[in-house]
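These notes concern the structure reproduced below.
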Ligand code: SF4
Ligand code: SF4
């Protein structure tokens, strides 16, 4: 063995041993998480998603510039690591190399290693430029990120110099394949022994940097290098997801929701390890963009900080000493500011699910500590007593339908479809008109439908989003009993919140139905020729995406198709649309909370609609309707801009 081998063995095993111990520590922290997570199934789909998004960098590349920069560094590292491995092997066994792969494969390998070394260096230069010159708010001021970039740049420079000296000193047969190193080798001294000394020096610099990097990763934001792959593998596979059910009959459960980081699930903890701190989530967060204290990026890194601050207690099993999850960073204002719009989750390149953590913390606040905004108290009371968040009587629920010849399920037990009206459609004057327009369209299409009448109750969605799982389950079970008793198979609703709850959450409680949002159902009726828009609608129309229709259920196109089918309606998009559409501010129970901090979200969204110069803002959600109508009123633009549901627009166009 050479002196290099003797020196390398302890350095290599010391560094790798340290790194593995740190990863083991992080694994133990994950294992200490007691919260429930989703069932892990569909392994084939998981492998496919991981390959597409990790090796293929699909989600990362959704942001073009940052994506190309990251993908270059990632792909470069994969190929350059093979070269590093060869250096390690040649240091352990003198003269060993990967030339046994065959001349063409080896030549291709060194060509790509050389090419990517320069490409990564350029990408690092671009990343420095963005962080130090452009300085977008979403990236913040991260010394850690700068250190990592310097590390990465150092790695690339050391490879280039190592290879340049090697080529100059030995003139190997594959030299011409390493275009950049070969060019650089022309600047090296002509004395081969000096070149070999230079080669050895930079090889050691490179190997020490690699091993130093391996030791640094578990302590830095670069932990995402290890965690992003598994996080992608274990992500929720479908866009549609319901909240986790609490089993109140499980007597072993002593904690509902998350009071401490250890009450979160291991997947929640893995999420915090996977965060790259790219800030894409923060960029689109309606709360952050209206000066609320909530940043979806910060909440993930703050939960990680809380976990690491408490690691001694967690690892020694003293869970009672772990400090609460609500602290100076994750305040109650942070937790209540979320509209559950999921813009953060959809934007995240490593599939972090912020809402799961926010809901878990809300559940603890509501169910275990009775801490929630004062105005929510009445909402809970109304839902308990009247089965609606508003202070209306349950016996008045079906009053809106009086004189409209709309049958109840008792009168039309064989109805083709059940029209789920929802609380807004039942009690709110503006939204009663939307349901009336939709019912009118069903009649025009000759659909046999019925309503539950006074048997319908709030789905429980507001209670669940706010954290009152018990109240939600009470209402959900009662509704499911009613729906099953009437043997309902198909439901259509104008409310995306009801739609999401009925479709994605009721199955967990035995309520399994085919559920449509009215925009989906109307498109079907148009496609089968049962509805034919004919009258002109001479307006410029923009469409506001409802979060619970779009980001929660991928229904983006149907409302747009309805508008496009209407003669003479001129459609214009808002700048932020579809997946990047801005929330109206009403989701996540925010509809019933006062907005005391920052600018009103609905005003900002209304301003975005005004910027399109549309004369009509179309919505497909009763909450969006209320928020946008208030926004237009606040801007005193009622004479220039109307807010209409897509069903109302379509109804006007059909005789
Ligand atoms: S769900 Fe919406 S409001 Fe909540 S943190 Fe994410 S982006 Fe912000
Ligand atoms: S949560 Fe996702 S989008 Fe947000 S900073 Fe972390 S990696 Fe980026």
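Considering region 327-336, the residues that are within 16 Å of ligand 2 (Cβ to nearest atom) and within 20 Å of the chain's Cα centre (by Cα) include one that is surrounded by the fewest Cβ atoms within 10 Å (Cβ to Cβ), namely 334. On the stretch given as region 35-49, residues that are more than 16 Å from the chain's Cα centre (by Cα), assigned to a helix (DSSP H, G or I) and in contact (Cβ under 8 Å) with a residue 60 or more places away in the chain total 3.
From the set of residues in region 348-378 that are part of a loop (DSSP other than H, G, I, E, B) and within 16 Å of ligand 2 (Cβ to nearest atom), which is nearest to residue 391 (Cα to Cα)?
To start, the set of residues in region 348-378 that are part of a loop (DSSP other than H, G, I, E, B) comprises 348-353, 369-375.
The next check asks that each one be within 16 Å of ligand 2 (Cβ to nearest atom); those that pass are 348-353.
On the way: 348: 39, 349: 43, 350: 43, 351: 39, 352: 38, 353: 34 Å.
Selected residue: 353.
Looking across region 448-473, the residues that are part of a helix (DSSP H, G or I) and under 29 Å from the mean Cα position of the chain (by Cα) come down to 461, 462, 463, 464, 465, 466, 469, 470, 471, 472, 473. Does residue 598 satisfy the condition of being crowded, with 21+ Cβ neighbours inside 10 Å, assigned to a loop (DSSP other than H, G, I, E, B) and outside the structural domain of residue 285 (by TED's automatic domain parsing)? Considered against the rule, which asks whether it is crowded, with 21+ Cβ neighbours inside 10 Å, assigned to a loop (DSSP other than H, G, I, E, B) and outside the structural domain of residue 285 (by TED's automatic domain parsing), residue 598 comes out as no. Within region 191-213, the presence of a residue that is buried (at least 16 other Cβ atoms within 10 Å of the Cβ) and either in a loop (DSSP other than H, G, I, E, B) or within 16 Å of ligand 2 (Cβ to nearest atom) (or both) is excluded. Assessment of region 230-239 against the conditions (assigned to a loop (DSSP other than H, G, I, E, B), away from ligand 2 (no atom under 14 Å from the Cβ), under 18 Å from residue 357 (Cβ atoms) and touching a strand residue (DSSP E or B) at 6+ places or on another chain (Cβ under 6 Å)) yields no matching residue.
Beta carbons closer than 6 Å, at least 6 apart along the sequence or on distinct chains, pair a first residue in region 90-101 that is assigned by TED's automatic domain parsing to the domain that holds residue 163 with a second that is in a loop (DSSP other than H, G, I, E, B) for 90/96; 90/97; 94/2.
Residue count for region 361-415 satisfying the condition of being touching a helix residue (DSSP H, G or I) at 6+ places or on another chain (Cβ under 7 Å) and surrounded by fewer than 20 Cβ atoms within 10 Å (Cβ to Cβ): 15. Of the residues in region 337-360, not one is away from ligand 1 (no atom under 16 Å from the Cβ), surrounded by fewer than 21 Cβ atoms within 10 Å (Cβ to Cβ) and modelled with pLDDT of 95 or more. Within region 440-447, identify whether any single residue is under 36 Å from the mean Cα position of the chain (by Cα) and at pLDDT 95 or above, and answer yes or no. Yes, the conditions are met somewhere in region 440-447. Kindly evaluate residue 609 against the criterion of being outside any helix (DSSP H, G or I), surrounded by 22 or more Cβ atoms within 10 Å (Cβ to Cβ), in contact with a strand residue (DSSP E or B) (Cβ under 7 Å, 6 or more places away or on another chain) and assigned by TED's automatic domain parsing to the domain that holds residue 586. No; evaluated as a whole, the condition is false for this residue. Of the residues making up region 311-325, those that are surrounded by 20 or more Cβ atoms within 10 Å (Cβ to Cβ) and away from ligand 1 (no atom under 16 Å from the Cβ) are 314, 322. Looking only at residues in region 251-275 that are assigned to a loop (DSSP other than H, G, I, E, B) and modelled with pLDDT of 95 or more, the one that is nearest to residue 66 (Cα to Cα) is 275.
The values are calculated or read from the model by the stated rules, or taken from the named source; none is laboratory data. Quick caveat: nothing in here was measured; it's all calculated off a predicted structure. Neighbour counts run over all protein chains shown; Cβ positions are idealised from the backbone, glycine included.
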